[in-house]
Amino acid sequence: MSIIGTLFIGLIVGLLARMLKPGDDSMGWIMTILLGIGGSIAATYGGQALGIYQAGQTAGFIGAVIGAIVLLVIYGAIKKG
């Protein structure tokens, strides 16, 4: 995947994670993209390593959103502390 494609998927995943997690998450576009990319990477490698899904499956996108939500919760905890 190209860098532009990765950034776009990261943005979509990050925005979905911010919509699904309740609360006030004041961060900019770059942080949203980084959060989405981080969630995507963690979920992709983690899910494939555990044999939950293969590359290109829809479960990978869902896992990326869940991974981004987890990163969002961790980011919020660190930011408050």
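Against the criterion of being closer than 29 Å to LYS80 by Cβ, modelled with pLDDT of 80 or more and under 14 Å from the mean Cα position of the chain (by Cα), LEU15 qualifies.
If you go through the stretch 40-55 and keep only what is assigned to a helix (DSSP H, G or I) and either surrounded by fewer than 17 Cβ atoms within 10 Å (Cβ to Cβ) or hydrophobic (A, V, I, L, M, F, W, C) (or both), you end up with ILE41, ALA42, ALA43, TYR45, GLY46, GLN48, ALA49. Among the residues of the stretch 12-39, those identified as out of contact with any Gly (no Cβ under 6 Å at 6 or more places or on another chain) and within 14 Å of VAL65 (Cβ to Cβ) are ILE12, LEU15, LEU16, ALA17, ARG18, MET19, LEU20, LYS21, GLY38. Residues that are surrounded by 15 or more Cβ atoms within 10 Å (Cβ to Cβ), under 17 Å from GLY5 (Cα atoms) and among the small types (Gly, Ala, Ser) occur in the stretch 56-67; there is at least one.
Summed over the stretch 18-39, the residues that are under 9 Å from the mean Cα position of the chain (by Cα) and outside any helix (DSSP H, G or I) give a count of 0.
The values are calculated or read from the model by the stated rules, or taken from the named source; none is laboratory data. Quick caveat, the model's predicted, so the values are computed rather than measured. Neighbour counts are summed over all protein chains in view; Cβ atoms, including those assigned to glycine, are modelled from backbone coordinates with ideal geometry.
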